[in-house]
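What follows is one structure encoded as structure tokens, with my remarks underneath.
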Amino acid sequence: TAVVELREVSRVYAGPPEVHALATSSVTIDEGDFVTIVGPSGSGKSTLLNILGLLDKPTAGTYTLRGQDVTLLSENDRARVRGTDIGFVFQSFHLLEQRTCLENVMLSDLYNGTSERESRSRASEALEAVGLGSFERRLPTELSGGQQQRVAIARALAANPAVLLCDEPTGNLDSVTANAILALFDELNDAGRTVVLITHDAEVARYGNRTLHMLDGTLGEKS
Ligand code: ADP
Ligand code: ADP
């Protein structure tokens, strides 16, 4: 079943100068897909990711997420849907240095009404899923870059999101560590997780089971 459906979604930045950053006809991402979106700098990848992650609204078109039209939701509803349905992974890890790994992962539940006990249990499970089960009490500063990204991935997974949205997740990592992180996305995808990964790097885009190419705001699928 479709997790994400974009219909005629476009984004124009008002400017001046006015920028037509995105113009899609139809994009469907199914449950269990691992989609990579690749394109050069300025092609519209961040614009697309911001719309998919409910951080930005399309200028025109419809976005349906898990069967719900989220295009016209209020800011509060968008924030709620973002918190439950979207897990973000960025190039920078954005971990709090003074908090343990477990606490960092638990922060994803801070505003969604989850009890501390439940949050702790989910965070523990998520750290387990990224191979850091024994790192609960460690501080991010004691970890390598790859391990820090794993904690960030655990934080994104803790709420069991419908989609994991990854923006250049290996951009700060050496190639060996990057491949290990990409293999982790493969593993999470094999376990059923829907993954969308945005990159400018053609090598990184070879992971996953579908690749969309982005150029000047339009998307094309390579078969
Ligand atoms: P809109 O017109 O869609 O409301 P804005 O022009 O107000 O968007 O810009 C929103 C934010 O994006 C601002 O903080 C601005 O600094 C930043 N921004 C503006 N131009 C660019 C650009 N060419 N690339 C990336 N970010 C930009
Ligand atoms: P990518 O992520 O592939 O580098 P972006 O989505 O950041 O591409 O940018 C697509 C186009 O939109 C670029 O021309 C960029 O300068 C422009 N752009 C991005 N954000 C803004 C903004 N907030 N305001 C105005 N122009 C923007």
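The values are calculated or read from the model by the stated rules, or taken from the named source; none is laboratory data. These numbers come from a predicted model, not from an experiment. Here Cβ is always computed from backbone atoms with ideal geometry, including for glycine, and neighbour counts include all displayed protein chains. SASA here: full protein model, heavy atoms, side chains in, ligands and nucleic acids out. Shrake-Rupley method; radii C 1.70, N 1.55, O 1.52, S 1.80 Å.
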For this session: Take every DSSP beta bridge whose two residues both sit in the chain, then give the antiparallel share in percent to the nearest 5.
Result: 55 percent
For this session: Calculate, axis by axis, the spread of Cα positions in segment 22-73 along the three principal axes, and write the results as whole Å, longest axis first.
Result: 31, 28, 20
Seminar exercise, completed: Counting sequence-distant residues (5 or more places) and residues on other chains, those with an amide H built under 5 Å from that of I198 are I37, C166, D167, E168
Exercise. Can you pull the percent of Cα pairs in segment 1-99 with separation above 23 Å?
Worked result: 30 percent
Problem set entry | Net dipole in debye of segment 76-119 [+1 Lys, Arg Cβ; -1 Asp, Glu Cβ; about Cα centre; nearest 20] | 140 debye
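What value, in deg cm²/dmol to 500, does the helix sum -39500 (n - 2.57) over DSSP H runs of n ≥ 4 give at 222 nm once divided by the residues of the chain?
Per the formula, -9500 deg cm²/dmol.
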Exercise. To the nearest 20 debye, what is the magnitude of the charge dipole of the chain about its Cα centre, counting +1 on the Cβ of each Lys and Arg and -1 on the Cβ of each Asp and Glu?
Worked result: 240 debye
Exercise. Got a number for carbon plus sulfur as a percent of the chain's accessible area, 1.4 Å probe?
Worked result: 47 percent
For this session: Taking DSSP loops as anything outside H, G, I, E and B, show the longest stretch in the chain free of trypsin sites (Lys or Arg not before Pro) there with at most 13 other beta carbons within 10 Å.
Result: 1-136
Problem set entry | Potential extension, D77-T59 segment - 0.36 nm per residue separation minus Cα distance | 4.6 nm
Seminar exercise, completed: Within the chain, excluding any GluC sites (Glu not before Pro) found in a DSSP loop (not H, G, I, E or B) and having at most 11 other Cβ atoms within 10 Å, the longest uninterrupted segment runs 98-223
Seminar exercise, completed: One checks the Cα atoms of the chain and finds Rg and Dmax, in Å, of 17.3, 52
Seminar exercise, completed: Mean accessible area per residue over the chain (1.4 angstrom probe, all protein chains present, square angstrom) is 49 Å²
Problem set entry | Kirkwood hydrodynamic radius (C-alpha pairs) into Stokes-Einstein, segment 105-223, 37 °C and 0.692 mPa s, D in µm²/s | 213 µm²/s
